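The block underneath contains the structure these notes are about, expressed in structure tokens.
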There are 2 protein chains.
Amino acid sequence: MTEKGTDRRMYKGNFIFAPAPDRLETIENGYLLVEDGIVKSLSRTHSEREPSIPLEDFGDHLILPGFVDLHFHASQLNQRGLGLDRELLPWLENYIFPEEAKFSDPAYGKEVYQRSVKALARYGTTRSVVFATIHLESTKILFDLFEQSGLGAYIGKVNMDRNSPDYLRETFEQSIKDTLEFTKDFTGGNDLVNPIITPRFVPTCSGELLKDLGDIARNKKLPVQSHIAENLAEIDWVKELHPTLGSYANVYEAFGLFGDSPTIMAHCVYNSDEDISLMAKNRVFAAHCPYANLNLSSGIMPVRKYLDHQVPLGLGSDVGAGHEVSIPKVMVAAIQSSKILWLNSSKKLKPLNLVEVFYLGTKGGGEFFGQVGSFEEGYEFDALVIDDGDLGTKDLTLEERLQRYIYIGDDRHIQERFVRGKRISL
Amino acid sequence: MTEKGTDRRMYKGNFIFAPAPDRLETIENGYLLVEDGIVKSLSRTHSEREPSIPLEDFGDHLILPGFVDLHFHASQLNQRGLGLDRELLPWLENYIFPEEAKFSDPAYGKEVYQRSVKALARYGTTRSVVFATIHLESTKILFDLFEQSGLGAYIGKVNMDRNSPDYLRETFEQSIKDTLEFTKDFTGGNDLVNPIITPRFVPTCSGELLKDLGDIARNKKLPVQSHIAENLAEIDWVKELHPTLGSYANVYEAFGLFGDSPTIMAHCVYNSDEDISLMAKNRVFAAHCPYANLNLSSGIMPVRKYLDHQVPLGLGSDVGAGHEVSIPKVMVAAIQSSKILWLNSSKKLKPLNLVEVFYLGTKGGGEFFGQVGSFEEGYEFDALVIDDGDLGTKDLTLEERLQRYIYIGDDRHIQERFVRGKRISL
């Protein structure tokens with residue numbers, strides 16, 4: 001039965017995954033067959049016909065899809081928990097821009113990025129979409145570190161050629177040159193680590209830069225990430241800078257950066273219903289970053305509207321505005337924020353439930369990577385083995401154990417991490 | 001200089017404490033002298049005159065006052081993270097009451113309570129105000145476990161004689177009898193662990209029970225704790241039960257349970273301005289439990305108003321509606337909740353800052369215990385030694401290191417715990 005050279009492995013345990021926002025699958029003592037890193041089958045019984053396949057038995061542990069973080073600033077790890085009495089723009093100016101400037105020194109970059117990649121692995125974030133800084137050398141180091149780690153990621157060399165301090169601003173020419181250099185090996189193939197076009201946000205990128213980045217993305221079929229509608233002062237500023245282009249989303253669209261290639265927009269706190277419809281139409285992903293939005297007093301993204309509009313959607317830690325690397329903690333914050341919005345909307349916007357946020361933090365975000373974030377057939381085997389024994393599992397269903405782990409578990413409960421079938425070491 | 005039998009110890013390290021909501025003291029490489037568990041002095045230099053006093057040097061570590069939790073249900077540890085798609089009343093009925101009923105079995109009580117006390121110690125909560133259940137035997141066990149632990153606590157045998165299931169309801173007579181038995185040894189002396197009168201909340205206590213509990217508290221000078229104004233349905237219910245007594249606060253007051261002896265009221269989400277003024281006048285403590293209020297979709301307590309009215313105020317984990325035992329995590333939630341309230345109030349209710357929540361989680365709540373929660377002279381030496389080396393301390397001020405630790409530290413960073421001068425072992 002086995003084709004020559006095919007790597008086949010069987011894993012046994014309690015599998016939990018969400019194929020849809022309203023559906024949780026739990027398979028107690030299931031058997032999952034992986035072929036060359038891809039899920040082949042998941043069943044409640046062990047096929048007697050395949051005794052030659054090595055079986056790893058994780059006993060009573062939970063096996064979950066790896067967590068997906070759609071918005072992580074690897075360069076801001078050192079700024080977590082600092083300056084959070086500010087709102088977005090002064091926080092950037094006083095805390096983030098001075099920190100990011102340090103990444104002109106590749107040695108500094110390497111030191112921080114090693115810790116960032118390790119933190120993602122430790123907290124079970126098997127795939128992430130990452131902002132570096134404007135600095136080419138440091139960003140290449142980050143790329144290499146991800147490749148060495150075995151984690152999956154999109155890495156963005158950040159572009160900014162206006163409205164930032166001298167010490168953290170590129171010329172238009174350098175920005176394009178470095179972007180082309182950083183993305184030159186991208187083939188659109190099956191690599192685990194890939195570049196992504198990353199204009200920081202409209203205020204720090206001239207129209208000419210945005211336009212050329214849009215062209216590069218379209219021509220090279222490169223994905224795109226940026227920020228949108230996080231804070232009201234930011235939105236006013238964009239309006240001032242581009243008074244004739246319409247909404248914030250329209251500005252990105254005008255420059256070919258709103259879905260011409262696969263795109264993620266972080267925050268989406270204040271998008272209009274028209275903008276939300278546009279995101280759905282263009283299949284632009286929204287990265288919901290509830291902790292960052294609370295920490296910077298930005299507001300609460302109305303996630304329910306995005307789900308109703310069927311906008312592709314995932315979660316973001318947004319480290320360092322978000323202080324938690326852990327996607328389960330972000331899931332909890334997403335639920336909590338949505339409960340406040342439910343109260344604030346006269347109970348119109350129904351709160352998110354556990355299955356919905358679990359979906360967002362696995363398959364929802366995973367869709368940006370292809371077939372990632374689920375244990376359905378054909379999905380890449382990204383998985384976490386969770387030993388929740390000390391959380392008290394007695395008399396609990398698998399769904400309750402998942403809830404419990406999401407709310408009160410931490411990195412110590414993650415016993416094993418797999419990405420595309422390969423075990424990750426910390 | 002040393003009196004005979006006086007225990008004197010000197011500790012060296014980076015001391016941080018908040019004597020007031022708007023004042024943070026940081027003493028780098030300070031020397032703190034403790035006599036018989038009480039802070040005698042804290043200075044930047046080592047007195048040469050006292051070479052005989054043993055000195056413990058904690059190097060570059062932070063030394064903080066122990067954390068204070070004004071509202072912790074020791075019986076709900078096993079329910080953390082479960083059923084949080086419900087609001088207060090159905091959550092109680094479906095999850096909490098069935099769980100609390102299990103504490104009729106002292107063996108079950110012992111098993112859970114051991115873990116609850118250990119969790120408090122692990123997370124650096126050196127003082128707590130605790131709900132047990134209605135069951136005398138289990139509650140006595142909890143009391144003994146706290147005494148053995150070295151932690152400080154007020155322990156409440158819960159009273160409920162109406163509006164709860166048969167399996168979790170006392171008769172009026174039994175409730176009073178068991179309360180008298182549980183509190184019989186209370187002398188008002190200097191013990192670290194003491195009983196506290198604990199009517200669950202108005203809906204589950206008849207008027208006759210509330211009145212007698214008020215009398216007991218006043219006669220024996222026992223403190224009181226309960227819940228107030230957590231949820232709108234709960235408030236309506238109280239109004240229905242006591243239509244002529246006025247506000248929820250007025251109901252407690254009518255039965256002598258609103259400040260006749262030292263009193264804590266948890267939640268205070270929906271108290272009127274008059275009720276807030278009454279709390280200030282009667283010196284009734286508010287326990288702010290932001291995680292519980294988010295998790296049960298209750299709302300956000302306007303803490304700023306309570307600070308402005310100078311209501312005595314501290315933080316509560318409210319485990320199990322709150323999922324985090326850690327008071328630093330509760331501090332972060334308090335800040336985040338207040339930022340939403342700031343946005344919702346057209347920026348009228350200024351958000352809480354780090355110093356304010358740090359004060360609330362140490363000296364603010366500590367005031368319920370006397371001189372607790374600060375390193376001022378005369379305060380009991382409750383302290384945590386924090387090794388924050390792996391959080392990145394380079395170039396940070398002590399205030400920034402505190403911020404960082406509060407946001408991203410966890411129990412692993414707590415190296416030592418002291419209560420009233422004595423080291424606590426886990």
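The values are calculated or read from the model by the stated rules, or taken from the named source; none is laboratory data. What you see is a predicted model, and the numbers here were worked out from it, not measured in a lab. Cβ atoms come from the backbone with ideal geometry, glycine included; neighbour counts cover every protein chain shown. Areas reflect the complete protein model, heavy atoms only, side chains present, ligands, DNA and RNA absent. Shrake-Rupley method; radii C 1.70, N 1.55, O 1.52, S 1.80 Å.
Taking Cα atoms of segment B:274-426, Rg/Rh with Kirkwood Rh, to two decimals? Reported Rg/Rh (Cα atoms, Kirkwood Rh): 0.98.
Heavy atoms of chains B and A lose about 3200 Å² of accessible surface on contact, summed over both sides with a 1.4 Å probe. The B:Ser345 and B:Ala233 beta-carbon pair, evaluated with R₀ = 22 Å, returns a calculated FRET efficiency of approximately 0.40.
Please figure out what share of the DSSP beta bridges in the protein assembly as shown is antiparallel and state it in percent, rounded to the nearest 5.
Numbers: 52 of 116 bridges.
Just about 45 percent of them are antiparallel.
Taking the three principal axes of the alpha carbon atoms in the protein assembly as shown, the coordinate ranges are 83, 69, 54 Å, sorted in descending order. As a length-normalised measure over Cα pairs under 8 Å and 6 or more apart, the relative contact order of segment A:1-61 settles at 39 percent.
Relative contact order (percent) for chain A, with alpha-carbon contacts under 8 angstrom and 6 or more residues of separation? All intermediate terms of the calculation are to be shown ahead of the outcome.
On the way: 953 pairs, mean separation 87.0, N = 426.
It rounds to 20 percent for chain A.
Across chain A, Cα-Cα pairs farther apart than 31 Å form 37% of the total.
Coupling constants for segment B:376-381 follow from the phi torsions by the Karplus curve (6.51 cos²θ - 1.76 cosθ + 1.60, θ = phi - 60°), and in residue order they are 5, 4, x, 7, 5, 7 Hz; glycine and proline get x.
Temperature 20 °C, viscosity 1.002 mPa s: under these conditions the Stokes-Einstein estimate for segment B:11-156, based on its Kirkwood radius over C-alpha pairs, is 119 µm² per second.
Per-residue shielding of B:289-298, expressed as the average number of other chain Cβ atoms within 10 Å of the residue Cβ, stands at 3. In this structure, the pairs whose alpha-carbon distance is over 20 Å, taken from A:Lys339/B:Lys348; A:Lys329/A:Lys394; B:Lys118/B:Lys422; B:Lys140/B:Lys177; A:Lys350/B:Lys339, are A:Lys339/B:Lys348; A:Lys329/A:Lys394; A:Lys350/B:Lys339. Report, to the nearest 10°, how far helix A:106-122 tilts away from the longest principal axis of the Cα atoms in chain A, using its own Cα long axis and a range of 0 to 90°. Value to nearest ten degrees: 40.
With Cβ to Cβ distances under 11 Å as the rule, what net charge do the other residues near A:Asp85 carry (K, R +1; D, E -1)?
Working: positive: A:Arg86, B:Lys339, B:Lys350; negative: A:Glu87, B:Glu356.
Residues near A:Asp85 contribute +1 overall.
Between A:Ile38 and A:Leu241, full extension at 0.36 nm per residue minus the direct alpha carbon distance yields a gain of 68.4 nm. B:Met160 sits among other residues whose Cβ lies under 11 Å from its own Cβ, and their net charge, with Lys and Arg +1 and Asp and Glu -1, is +1. Between B:Ile424 and B:Arg417, B:Phe418, B:Val419, the built amide H atoms are under 5 Å apart, and every one of these is 5 or more places off in sequence or on another chain. Each residue, B:Asp7 and B:Ala20, gets one label point 7 Å from its Cα in the Cβ direction; the gap between the two is 3.4 nm. Taking amide hydrogens as placed 1.01 Å from N in the peptide plane, the amide H of A:Val193 sits under 5 Å from those of A:Ala153, each at least 5 positions away in sequence or on another chain.
Rounded to the nearest 20 debye, the dipole magnitude of segment A:146-276 is 260 debye, with +1 charges on Lys and Arg beta carbons, -1 on Asp and Glu beta carbons, and the Cα centre as origin. With q set to 0.12, 0.21 Å⁻¹, the log10 of I(q)/I(0) for segment B:361-426, from the Debye formula over equal scatterers at the Cα positions, is -0.37, -0.97. Label point of B:Lys220 (7 Å along Cα→beta-carbon): distances to the other copies' equivalent points are 7.6 nm, sorted ascending. Remark: label point of B:Glu111 defined 7 Å out from Cα along the Cα-Cβ vector; separations to the same position in other copies 5.0 nm, ascending. Residue by residue, segment A:78-83 carries 3J(HN,Hα) couplings of 6, 9, 4, x, 10, x Hz when phi is fed to the Karplus relation 6.51 cos²θ - 1.76 cosθ + 1.60 (θ = phi - 60°); x denotes Gly or Pro.
Whole angstrom only: what separates the Cα centroid of segment A:159-173 from the Cα centroid of segment A:51-110? Segment A:159-173 and segment A:51-110 have Cα centres spaced 24 Å from each other. Pairs of Cα atoms nearer than 8 Å and 6+ residues apart set the relative contact order; for segment B:308-395 it is 22 percent.
Here is how far apart the A:Gly188 label points are across copies: 8.3 nm, shortest first, using a point 7 Å from Cα toward Cβ. Accessible surface of segment B:354-426, 1.4 Å probe: 41 percent of it comes from carbon and sulfur atoms. Averaging Cα coordinates gives a centre for segment A:347-426 and one for segment A:268-291; these two points are 24 Å apart.
May I ask for the net charge around B:Tyr291, where only other residues with Cβ less than 9 Å from the Cβ of B:Tyr291 are counted and Lys, Arg are +1 while Asp, Glu are -1? Mind showing how you got there, number by number?
Working: positive: B:Lys329; negative: B:Asp318, B:Glu324.
Net local charge, B:Tyr291 excluded: -1.
About its Cα centre, chain A has a charge dipole of approximately 380 debye under the convention of +1 per Lys or Arg Cβ and -1 per Asp or Glu Cβ, with nothing else charged. Counting only alpha carbon atoms, the long axis of helix A:398-408 and the longest principal axis of chain A meet at about 40°. Estimated from the Cβ-Cβ distance and a Förster radius of 25 angstrom, the FRET efficiency linking B:Asn94 and A:Asp410 is about 0.40. For segment B:57-97, backbone nitrogen atoms closer than 17 Å to the point 7 Å from B:Asn29 Cα along Cα-to-C-beta are found at B:57-63.
Across the options B:Met10, B:Ile300, B:Phe285, the greatest Cα extent toward the positive end of the charge dipole of the protein assembly as shown (unit charges at beta carbon of Lys, Arg, Asp, Glu) belongs to B:Ile300. Taking label points 7 Å from Cα along the Cα-to-Cβ direction, A:Thr171 and B:Glu137 give a separation of 8.4 nm. The angle between the Cα long axis of helix A:172-182 and the longest principal axis of the Cα atoms of chain A comes to about 20 degrees, rounded to the nearest 10.
Near the amide H of A:Ser206, within less than 5 Å, lie the amide hydrogens of A:Asp161, A:Arg162, all on another chain or at least 5 residues away, with H placed in the peptide plane. Karplus-based coupling profile of segment B:196-205, in residue order and whole Hz: 9, 5, 9, x, 4, 6, 3, x, 9, 10, with θ = phi - 60° in 6.51 cos²θ - 1.76 cosθ + 1.60 and x standing for Gly or Pro.
Split the accessible area of segment B:64-210 by element, probe 1.4 Å, and carbon with sulfur accounts for 47%.
Annotation: per residue accessible area for segment A:63-156 equals 28 Å², rounded to a whole number [probe 1.4 Å, protein chains only].
Report for chain A the percent antiparallel among DSSP-assigned beta bridges with both residues inside it, nearest 5.
Values: 26 of 58 bridges.
Bridges in chain A are about 45 percent antiparallel.
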